[in-house]
Structures are given as structure tokens and as C-alpha cells.
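Novice: Please find one structure pasted underneath; my questions will follow.
The values are calculated or read from the model by the stated rules, or taken from the named source; none is laboratory data. The model shown is predicted, which means the values in this text are computed figures rather than measured ones. Every residue, glycine among them, receives a Cβ derived from its backbone with ideal geometry; neighbour counts consider all protein chains shown.
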Amino acid sequence: MIALISENRSITELERIQYDFEDMDIPVKCLKTIEEFDVGDRKIKLTKNLKTKIPFWLAILLEEEGLVELEEIEKLDFPELYRIALKEGETNLQKINKFFYVLMKRTFEEFEKKGKVIPYRQKESLEIKMRELMTMRLSKIYHIATKGKNITTQIRNMTPEEKWLYNSISEIIEKWKDMVRVSSEE
């Protein structure tokens with residue numbers, strides 16, 4: 001029962017991180033002028049060729065409609081996934097776009113939604129490469145967590161989802177170390 005409650009809290013925390021992440025303002029370049037409109041308690045106006053900041057989730061919708069262009073978020077395509085995975089295999093935890101997982105998921109969904117046909121072997125290869133990249137990063141995050149907290153240079157290279165995972169793993173490892181510690185360290 002306790003494990004189930006803990007698991008539900010973890011899922012809720014991840015959902016909150018995802019929501020906060022998608023609600024974060026990002027810079028966009030307006031491609032068309034649109035009169036002011038309400039989004040919740042916020043008023044947004046788009047003026048052609050001007051830059052503004054709007055929530056990520058709204059920017060994605062407006063980009064699909066051809067109204068804005070995302071400024072600091074490059075499109076993730078499949079060759080980019082291969083390049084990132086290759087680079088990740090060579091060194092320490094690489095800095096990747098903080099929107100990487102959201103964008104990669106979106107790229108896969110776009111291919112399915114728009115009916116773009118990817119040969120089965122290519123799709124399988126891409127899914128394997130994504131799992132390979134996630135496994136490499138997970139292994140590195142675990143290794144960093146075993147060294148203890150405050151390894152700021154490596155933490156800066158993590159996405160928000162990875163930081164949550166790192167903090168969770170670190171907390172569990174520290175509790176385990178306290179539990180099995182034979183003598184108090186001074």
C-alpha cells in the first residue's frame with residue numbers, strides 16, 4: 001500500500017513537472033498580426049515580425065497554424081536524434097535542449113498524425129536509437145546520483161524530467177547510505 005501511494009505521488013509529481021514545463025514562456029517570432037485574445041487570465045497579441053513570449057503549449061499550437069515561429073527551440077528531426085545519441089556515447093552527460101523529450105515525442109506523434117509513412121525498419125531503428133539514448137542518459141544520471149548531491153556542472157546538462165529523476169534517485173541513495181552506515185562520520 002505504501003509503495004502504491006509513493007508511486008502515485010511520483011506520477012503526480014512528474015505530471016506537475018510536465019505541466020509547469022509546458023506552461024513556461026518561450027520566445028516566438030510572430031508571422032502574422034492577430035488581435036488581442038484571452039488565454040486564461042492573460043491577454044496575448046501577435047504583431048507580425050515582432051518577438052514575444054508565450055506559453056510553450058500555446059506556441060506549439062500557434063506554430064502549427066503558421067502564426068508564430070519558435071525562436072530558441074530547434075526542430076528535432078531524426079538525423080538530429082542520431083547525432084545526439086552518437087555524441088552522448090562519447091563523453092559525459094551532454095547538454096541537450098531542455099525540451100528534448102517533449103519535442104522528440106511530438107516529432108514521433110506528427111509523423112503518425114500527418115500520415116507520414118516511415119518504413120517499418122526505419123521506425124524501429126529510430127525507436128531503438130531513442131531507447132539507446134535514454135538508457136545512456138539514465139545510466140549517467142544514476143552514476144552522478146551515486147556520487148552525492150551538488151554536482152552542479154552535470155546537473156546543468158539535465159532536462160527538467162532528468163533533474164526530477166536525479167533528485168529522486170539521490171534521495172533514495174542517501175537514505176540507503178544512512179540506513180547501512182556502520183559508524184557515524186565526523
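Novice: Taking the condition of a type outside the set (Val, Ile, Thr), buried (at least 16 other Cβ atoms within 10 Å of the Cβ) and within 24 Å of Ile141 (Cα to Cα), does Leu103 pass?
Specialist: Working: of a type outside the set (Val, Ile, Thr): yes; buried (at least 16 other Cβ atoms within 10 Å of the Cβ): yes; within 24 Å of Ile141 (Cα to Cα): yes.
So Leu103 passes the test.
Novice: Does Lys29 satisfy the criteria of being among the basic types (Lys, Arg) and buried (at least 17 other Cβ atoms within 10 Å of the Cβ)?
Specialist: It is false that Lys29 is among the basic types (Lys, Arg) and buried (at least 17 other Cβ atoms within 10 Å of the Cβ).
Novice: Given the conditions (1) at pLDDT 90 or above; (2) in a loop (DSSP other than H, G, I, E, B), which single one is not true for Lys149?
Specialist: Among (1) at pLDDT 90 or above; (2) in a loop (DSSP other than H, G, I, E, B), Lys149 violates only (1).
Novice: Six or more apart or on different chains, Cβ under 7 Å: which pairs go from a residue in the stretch 144-155 that's more than 9 Å from Ser170 (Cα to Cα) to one that's at pLDDT 70 or above and among the β-branched types (Val, Ile, Thr)? Could you list them?
Specialist: Once the first residue is more than 9 Å from Ser170 (Cα to Cα) and sits in the stretch 144-155, its partners that are at pLDDT 70 or above and among the β-branched types (Val, Ile, Thr) give Ile151/Ile144; Gln154/Ile144.
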